[in-house]
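Below is one structure, written out as structure tokens; comments come after it.
Read the figures in this text as sums done on the coordinates, not as results from a lab. Remember, it's a predicted structure, so these values are computed and weren't measured experimentally. FYI the Cβ positions are ideal-geometry reconstructions off the backbone, even for glycines, and counts take in every protein chain you see.
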Amino acid sequence: MSEKGKELYEEVKQKINISQKEDTLERQFADFWKLACTLKVRQHDMRYAYDDTSREFVEKYKDHLIKVRDDFIENMDHYVKKCIEVMRKVNNMEVHYAKTNEEAQKIFMEELGQNKVIYKSKSVEAKDIGIIDVLKENNIEIKETDLGDVLVQLFKYELPSFQIGPGAHFTELEIAEKIKAVYGVELEPKAANIVDYFRNTYRKELLNDVKVSLTSANAISAEDGTIVLGENEGNISLLTRATEKHIVVCGITKIVPTLLDAVLITKLQSRINNVSFRYISLISGPSNTSDIQGTSVQGMYGAKELVVILVDDWRTEANNNDLLYKEFLKCIGCRSCNFICTASRAFGNLYASKYGLGATAIIRDYIHYGIEAAVKDGLFLCTGCENCYHWCPVSINLGEIMKSIKKEATEKGLCPPPLDEYKEKIFKDKNPFK
């Protein structure tokens, strides 16, 4: 084992020791996350609202969805080119194709211009592409609008959190006390009161002061360039309408062949997480009107400009060179694999990266920062149980990808000592048991 391997092992070990102590942030999150995962897979499964369960809905469309993702990966260049062409020629969108994250960051800052404030909805894509880091480096004020992210920002919480419900681990009492400490407003610690507070204060700002907004996309239709966005809170609806410029930043793998495929993926993302999107927006360009003698004019009540930055970075290379994480290209970003992940349940936000919880976040960190980052994130905490594979709506075997990354780590002397000893015993005695 290398010296770097020992260093990373001790770092992960120290994190685990901290998580076992009472009253630490890591322990608090781990306790919350175990309960959340248990409830998520045992709850009523949306049967009060639909004729089928969430899992039945997923199984009904699983084969089709796998074909959709395989079709895109096999014909990636075709669909990307088709999507960009229709967005530009038909939808009056300004579209950029960025080959690298660095190029995307440069384009984004040029589109932001002299604005010093940006309003955004939660976006793992923006983190993946490095937009958030660039905004911070340039002292741009980031205004989160999803309530979970608003709370994370309010608490200045820097540990990884669940991508879909980033603030769900804060208690009502904790939130009420933080609002009092920061804003000097005393609230009864109940969810309804907290929501009312932000509605009565922050909503006015979202309706009147947004010049530039940032979102990702749940999916994008190649056939007509429509961007599909799902949400519960209404913040995305406001950000995409009550703004001068709406910027969409996402990887090219958000593209799917047809509009029906895009809507299906968005609906499936809600059903597999046992939530129901209250709003699904289909955005096909900036606002316009033709009510003055048929003359088409862009920028009526909604956004005047719609800018789309489609990012390749690692994606085409993974596909063309059959890299070990090629199958990750099929991911639809539902994040539900975290609920049934053995390591995630056991270690909470220690088995994670800055991109969020679980294997998908660790794989993203590996892609961008290499093998040492993955080991530091808790790579070897993965048990290889493949619960994720059997749960995944597009049958991605994250366990197999993680196994390949572990193999690389082992070859570079980054395997934890206990596993290294286990391996040596197998080679020596042909028997893993004492």
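What is the sum of charges around Val68, taking Lys and Arg as +1, Asp and Glu as -1, for the other residues whose C-beta is under 13 Å from the C-beta of Val68?
Working: positive: Lys62, Lys67, Arg69, Lys254, Lys330; negative: Asp63, Asp70, Asp71, Glu74, Glu223, Asp261.
Result for the neighbourhood of Val68: -1.
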Practice task
Just check the stretch 13-147 against the gyration tensor rule for me: Cα atoms, a ≥ b ≥ c as the square roots of the eigenvalues, rounded for a/c under 1.5, and otherwise prolate or oblate depending on whether a/b exceeds b/c.
Solution key: oblate
Completion exercise
Summed over the other residues with a beta carbon less than 13 angstrom from that of Arg88, with K and R at +1 and D and E at -1, the charge totals 0
Practice task
Would you grab the residues whose amide H sits under 5 Å from the one on Ile309? Only those 5+ places off in sequence or on another chain, please, with H modelled 1.01 Å from N.
Solution key: His96, Val248, Val249, Cys250
Exercise for the section: Please give the helix 172-183 orientation as an angle from the longest Cα principal axis of the chain, in degrees from 0 to 90, rounded to the nearest 10. Expected result: 60 degrees
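Considering Cα pairs under 8 angstrom that are at least six residues apart, work out the relative contact order of the chain and quote it in whole percent.
Details: 720 pairs, mean separation 95.0, N = 434.
This gives 22 percent for the chain.
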Practice task
Give me the lysines in straight-line cross-link reach of Lys190: C-alpha distance below 19 Å, same-chain residues under 8 apart excluded.
Solution key: Lys178, Lys180
Exercise for the section: Provide the per-residue ³J(HN,Hα) series for the stretch 299-312, in order, calculated from phi with Karplus coefficients 6.51, -1.76, 1.60 and θ = phi - 60°, each as a whole number of Hz, with x at glycine and proline positions. Expected result: x, 8, 8, x, 4, 7, 10, 10, 10, 10, 10, 9, 10, 8
Completion exercise
At the level of C-alpha centres, the distance separating the stretch 143-173 and the stretch 229-306, in angstrom, is 24 Å
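Mind ordering 50-61, 268-279 by average Cβ neighbours within 10 Å, highest first?
Ranked from most to least packed, the peptides come out as 268-279, 50-61.
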Exercise for the section: Quick one: which residues, 5+ away or cross-chain, put their amide H under 5 Å from the amide H of Thr226? H built at 1.01 Å from N. Expected result: Ser221
Practice task
Using the 4.7 Å Cβ rule, please list in number order the cysteines from the chain without any candidate partner.
Solution key: Cys37, Cys83, Cys250, Cys331, Cys334, Cys341, Cys382, Cys385, Cys392, Cys415
Handout entry: 18 Å Cα-Cα reach of Lys81 towards lysines, excluding residues that sit fewer than 8 places from it in its own chain
Key = Lys89, Lys99, Lys254
Exercise for the section: Run through the DSSP bridge list for the chain and note the antiparallel percent, rounded to the nearest 5. Expected result: 35 percent
Fill in the blank from the handout: If every Lys and Arg gets +1 and every Asp and Glu gets -1 at its Cβ, then about the Cα centre the chain yields a dipole, in debye to the nearest 20, of 600 debye
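Output the pairs from Lys4/Lys406; Lys136/Lys204; Lys204/Lys354; Lys211/Lys304 with a Cα-Cα distance over 20 Å in this structure; if there are none, say none. Mind showing how you got there, number by number?
On the way: Lys4/Lys406 15 Å; Lys136/Lys204 25 Å; Lys204/Lys354 31 Å; Lys211/Lys304 10 Å.
Table pairs above 20 Å Cα-Cα are Lys136/Lys204; Lys204/Lys354.
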Handout entry: Restricting the stretch 203-274 to GluC sites (Glu not before Pro) in coil, as DSSP defines it, with at most 16 other Cβ within 10 Å
Key = Glu223, Glu244
Completion exercise
Taking 310-322, 359-371, 171-183 and ranking on average Cβ neighbours within 10 Å, highest first, one gets 359-371, 310-322, 171-183
Handout entry: Positive minus negative residues near Glu305 (Lys, Arg vs Asp, Glu; Cβ under 14 Å)
Key = +1
Fill in the blank from the handout: Taking the dipole of the chain about the Cα centre (Lys, Arg +1; Asp, Glu -1; charges at Cβ), the one of Leu282, Pro418, Ala98 that reaches farthest to the positive side is Pro418
Exercise for the section: For the stretch 137-148, just list the computed ³J(HN,Hα) in residue order, Karplus coefficients 6.51, -1.76 and 1.60, θ = phi - 60°, integers in Hz, with x standing in for Gly and Pro. Expected result: 4, 9, 6, 8, 6, 9, 9, 5, 10, 5, 4, x
